[in-house]
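J.: Right, I'll just put the structure down here and ask away after.
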Amino acid sequence: MSASAALSSPSAAVPPVLAEVVRSGFVEGRHRGSLVLLGADGSVELALGDVAAPVFPRSSNKPMQAAGVLRAGLELDGERLALAAASHSGETFHRDLVQKMLDEYRLTPAQLQCPPDLPLDPEERDTYLAAGGVPERVVMNCSGKHTAMLAVCARRGWPLESYLDPGHPLQQLIHEVVEEAAGEPVAAVGTDGCGAPLMAIGLTGLARAFRSFVLAAPGTAERRVADVMRAHPEYVAGTRRPDTWLMREVPGALSKMGAEAVQAVALPDGRALAFKVEDGATRALGPVLARALALLGVDAPVLGRIGRAPLLGGGREVGEIRAAF
């Protein structure tokens, strides 16, 4: 079977229920998916669903993409490197730093090939629109990654116009980083929402990749990315995002969500998790993530904050979305 067929073929087994939608004590809906937990030694402690089947990790691949940029020779650190691995909220400090990075490398917003967009964070979007803001490439949540990609291409003398082509030297290097970190071959290459090449791997491979980043030797590209993400999580996500809360409040945690309800986390001792909600419902992300972390042995107040997903009726709370495993 081809890689593309493997991605689209229906599974013989129905994926397990990861979350339930409970309204007034009645289960009115269910979100199915697959999830894997790795122990500190890298062994699989829990597997729900087909955790070897390839999925598109979407933005959960961004740490690997940032490591590829470092390996290609771009000197980034601190908030700039965190932004290169970000799905940022489009807050003012995100937009300002993207523009500053473009200026530093003598690039322009017009050279970014991510689409124009509004801030990802709803509260920031409202503020931005009220101030007369319009969709712009710098505002798009992947603009930090695209800026870093353009910058390293400019440094290496690689073509700028084709920096998103899967055959481009930078994208070929990122492909290698993904395979090395995941410990498995890329099953398929697609196009992400921002236009960048997207490498499909299994959930176990995704968890292994995050584990490899937190356990990498200091000074390596992988460890540098992990360290700056954990030091500057507000640049990886935003001030009102679960990835930020988790990396701020669970010491040493590396966390990155992806579109279509993908999530990967690694703890500093090598414990790791990855999951995907099959229908892409991001409303199930928090409850599933909190439950998975608890099963990994994390005991922190932030889990209650991440896992809370109330349902409203008539303006008051009448139910919740809850983990079902």
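J.: Go through (1) within 20 Å of residue 271 (Cβ to Cβ); (2) open to solvent by 50 Å² or more (accessible area, probe 1.4 Å) one by one and return the number of the condition residue 204 breaks.
T.: (2)
J.: Continuing with this model, one more query. Scan the range 229-247 for residues that are in a loop (DSSP other than H, G, I, E, B) and either farther than 15 Å from residue 59 by Cβ or of a type outside the set (A, V, I, L, M, F, W, C) (or both) and jot them down. Working first, answer last.
T.: Taking the range 229-247 as the starting set, the residues that turn out to be in a loop (DSSP other than H, G, I, E, B) are 232, 237-241.
Passing the criteria: 232, 238, 239, 240, 241.
J.: Condition (residue is touching a residue at least 12 places away in the same chain (Cβ under 8 Å), open to solvent by 10 Å² or more (accessible area, probe 1.4 Å), among the hydrophobic types (A, V, I, L, M, F, W, C) and in contact with a helix residue (DSSP H, G or I) (Cβ under 7 Å, 6 or more places away or on another chain)) applied to the range 74-96: is it met by at least one residue?
T.: no
J.: Within the range 277-325, work out how many residues are touching a residue at least 60 places away in the same chain (Cβ under 8 Å) and among the acidic types (Asp, Glu).
T.: 3
J.: Can you name the number of the only condition in (1) farther than 24 Å from residue 211 by Cβ; (2) assigned to a loop (DSSP other than H, G, I, E, B); (3) modelled with pLDDT of 95 or more that residue 42 fails?
T.: (1)
J.: Can you say whether residue 243 is acidic (Asp, Glu) and open to solvent by less than 20 Å² (accessible area, probe 1.4 Å), as far as the supplied structure shows?
T.: Values: acidic (Asp, Glu): yes; open to solvent by less than 20 Å² (accessible area, probe 1.4 Å): yes.
In short, yes.
J.: Between 144, 157, which is surrounded by fewer than 17 Cβ atoms within 10 Å (Cβ to Cβ) and of a type in the set (Gly, Ala, Ser)?
T.: Details: 144 fails: surrounded by fewer than 17 Cβ atoms within 10 Å (Cβ to Cβ).
From the options 144, 157, the qualifying one is 157.
J.: Okay, moving on. For the range 186-201, enumerate the residues that are open to solvent by 10 Å² or more (accessible area, probe 1.4 Å) and outside any loop (DSSP other than H, G, I, E, B). So that I can check it myself, show each step before the final result.
T.: Within the range 186-201, the subset open to solvent by 10 Å² or more (accessible area, probe 1.4 Å) is 186-193, 195.
Across the range 186-201, the qualifying residues are 188, 189, 190, 191.
J.: Only one of (1) open to solvent by 20 Å² or more (accessible area, probe 1.4 Å); (2) among the hydrophobic types (A, V, I, L, M, F, W, C); (3) closer than 17 Å to residue 245 by Cβ; (4) part of a strand (DSSP E or B) is not met by residue 294, so which one is it?
T.: Of everything listed in (1) open to solvent by 20 Å² or more (accessible area, probe 1.4 Å); (2) among the hydrophobic types (A, V, I, L, M, F, W, C); (3) closer than 17 Å to residue 245 by Cβ; (4) part of a strand (DSSP E or B), residue 294 misses just condition (4).
The values are calculated or read from the model by the stated rules, or taken from the named source; none is laboratory data. As the structure is a prediction and not an experimental result, all values here were calculated from the model. When we count neighbours, we look across all protein chains shown, and the Cβ atoms used for this are built from the backbone with ideal geometry, even at glycine. Accessible surface areas use protein heavy atoms only, side chains included; no ligands, DNA or RNA. Shrake-Rupley method; radii C 1.70, N 1.55, O 1.52, S 1.80 Å.
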